[in-house]
Amino acid sequence: MAETKRIGVLTGGGDAPGLNPAIKGLVYRASQLGIKTVGLSDGWLSLLNPPFDVVPLECATVRRWDRDGGTNLGSSRTNPFQTANELGERVDKSAEVIANIEKLGLDAVVACGGEDTLGVAARLSDKGVPVVGIPKTIDKDLAGTDYTLGFDSALRNVTEVIERSRTPAGSHGWVQVIEVMGRHSGHLALWSGAAGQADIILIPEHPFRYEKVYRHLKDRLGDSKAHPRDPQHPRYSVIVVAEGAYAEDGELVLMDDRHDAFGHARLGGIAEVLARRIMSDTPYDARSVILGHPQRGGPPSPVDRIMGLMFGARAAEAVAAGAFGKMVSARGVAPACDLSLVDISTVIGKIDRVDVARLYDTERYHFKGIGM
């Protein structure tokens, strides 16, 4: 075993079910390998602002963490390479992070996160910091791995909302437009829409046309609101749209013009835009709902518990072997899953997007292969 004796683990970006199981898997396997683990609070922020909030993590401490959603270590969207100073200017403070890692006596850092958090880890790795990454994002858009923590739990949450939306939509004869997360990739929208039997699914990978949406609605609903007991036409329709979806003649819809430390604008509102267009351009009534943060809330699903534990344990083994500058990668999903290590730089500048040609029906705006 390598000489590494003390590692720090952090969780960055948006919280996701599966992070706490990953921390538990890391701590348990590290303990077996004779490695001590400490938790670093609030992502990369923990390595910028002394006094440092460092939590010793023993097996007894994390024994029940696999049942918890979110992250018990806290999180932030801190970017050490673009951190605001006293004047509000964004400056590179990565040297402080490196110095503080040394001050804390950490022989390695395990970072759990998505493209932003692991992108920071990759850049720190280039500067000589021993890091190992664990992939996490409900968007499932990280390159280099088939699975990212949080996706299955969010998929279940969103599918349940789609199913529950049928009740009020059917009672009132609405077109229910449900907006889910997915900045660049439509995996969550596509698979939840397929599982929840939405009528139309709109994703960032393929810009949509309003006229085609209207045509699909007319094919389903007829020329006007059907009688509740009309066997010929359904009374309602459900549309699932990713927050990053946009019309051919439109642009991304933003919550506001603010940007975070990674340069991301806050997306949100395409569902309301679409609902208003449907009401103005068709005879149908429409309602929109933005699911927002609750879609990644609640306890982790069985898949995210298992994958988290496996990811954490594999990260501990990578640390013990001195395999730094790597990210744990999954091919397949438990129980049919193989884990390996890939270069953490794989996540930089690459996005895992929906394979439109294979999975998406661009005429019906739906998952291919489902006749509805």
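The values are calculated or read from the model by the stated rules, or taken from the named source; none is laboratory data. Just so it is clear, the model here is predicted, and its values are computed rather than measured. Backbone-built Cβ (ideal geometry, glycine too); neighbour counts: all protein chains shown. Protein only, heavy atoms only, side chains kept; ligands, DNA and RNA dropped before computing areas. Shrake-Rupley method; radii C 1.70, N 1.55, O 1.52, S 1.80 Å.
Need the failing condition index for Arg258 against (1) modelled with pLDDT of 95 or more; (2) assigned to a strand (DSSP E or B); (3) open to solvent by 70 Å² or more (accessible area, probe 1.4 Å), just the number.
(1)
Which condition breaks for Gln32 when tested against (1) under 20 Å from Leu124 (Cα atoms); (2) surrounded by fewer than 20 Cβ atoms within 10 Å (Cβ to Cβ); (3) not charged (D, E, K, R)?
It fails just one condition, (1).
Report, by residue number, each residue of the stretch 1-29 that is crowded, with 24+ Cβ neighbours inside 10 Å, of a type in the set (A, V, I, L, M) and not in a helix (DSSP H, G or I).
Ile7, Val9, Leu10, Ala16
Just checking, does the stretch 271-285 include any residue being surrounded by 13 or more Cβ atoms within 10 Å (Cβ to Cβ), at pLDDT 90 or above and aromatic (Phe, Trp, Tyr)?
Checked against the condition, which is being surrounded by 13 or more Cβ atoms within 10 Å (Cβ to Cβ), at pLDDT 90 or above and aromatic (Phe, Trp, Tyr), the stretch 271-285 yields at least one hit.
Go through the stretch 217-233 and count every residue that is out of contact with any His (no Cβ under 9 Å at 6 or more places or on another chain), surrounded by fewer than 18 Cβ atoms within 10 Å (Cβ to Cβ) and at pLDDT 85 or above.
2
Taking the stretch 168-188 as the region of interest, how many residues are closer than 20 Å to Ile278 by Cα and either open to solvent by less than 10 Å² (accessible area, probe 1.4 Å) or not aromatic (Phe, Trp, Tyr) (or both)?
Let us first name the residues in the stretch 168-188 that are closer than 20 Å to Ile278 by Cα, namely 168-180.
The next check asks that each one be either open to solvent by less than 10 Å² (accessible area, probe 1.4 Å) or not aromatic (Phe, Trp, Tyr) (or both); those that pass are 168-173, 175-180.
Total meeting the criteria: 12.
If you take just the strands (runs of 3 or more DSSP E) that sit entirely in the stretch 31-115, which of them hold at least 2 residues that are free of Cβ contacts under 8 Å to residues at least 40 places away in the same chain and touching a strand residue (DSSP E or B) at 6+ places or on another chain (Cβ under 8 Å)?
Qualifying strands (runs of 3 or more DSSP E): 36-40, 54-57.
Answer yes if at least one residue in the stretch 100-108 is open to solvent by 20 Å² or more (accessible area, probe 1.4 Å) and either in contact with an Asp or Glu (Cβ under 9 Å, 6 or more places away or on another chain) or closer than 16 Å to Gly13 by Cα (or both), and no otherwise.
Taking every residue of the stretch 100-108 in turn, at least one turns out to be open to solvent by 20 Å² or more (accessible area, probe 1.4 Å) and either in contact with an Asp or Glu (Cβ under 9 Å, 6 or more places away or on another chain) or closer than 16 Å to Gly13 by Cα (or both).
Go through the stretch 35-74 residue by residue and tally those that are out of contact with any helix residue (DSSP H, G or I) (no Cβ under 9 Å at 6 or more places or on another chain), open to solvent by less than 60 Å² (accessible area, probe 1.4 Å) and over 20 Å from Glu115 (Cα atoms).
Residues flagged as out of contact with any helix residue (DSSP H, G or I) (no Cβ under 9 Å at 6 or more places or on another chain), open to solvent by less than 60 Å² (accessible area, probe 1.4 Å) and over 20 Å from Glu115 (Cα atoms) within the stretch 35-74 amount to 2.
Determine whether the stretch 201-213 contains at least one residue that is without any contact (Cβ under 8 Å) to a residue 12 or more places away in the chain and more than 21 Å from Gly297 (Cβ to Cβ).
Filtering the stretch 201-213 down to residues without any contact (Cβ under 8 Å) to a residue 12 or more places away in the chain leaves 211.
So of that shortlist, the ones also more than 21 Å from Gly297 (Cβ to Cβ) come out as 211.
Yes, some residue in the stretch 201-213 is without any contact (Cβ under 8 Å) to a residue 12 or more places away in the chain and more than 21 Å from Gly297 (Cβ to Cβ).
Can you name every residue in the stretch 328-372 that is open to solvent by less than 60 Å² (accessible area, probe 1.4 Å), in contact (Cβ under 8 Å) with a residue 40 or more places away in the chain and in a loop (DSSP other than H, G, I, E, B)?
Within the stretch 328-372, Asp352, Val354, Thr362, Tyr365, Ile370 meet the criteria.
Out of the residues in the stretch 83-127 that are of a type in the set (Lys, Arg) and closer than 24 Å to Ile351 by Cβ, state the one that is modelled with the highest pLDDT.
Arg123
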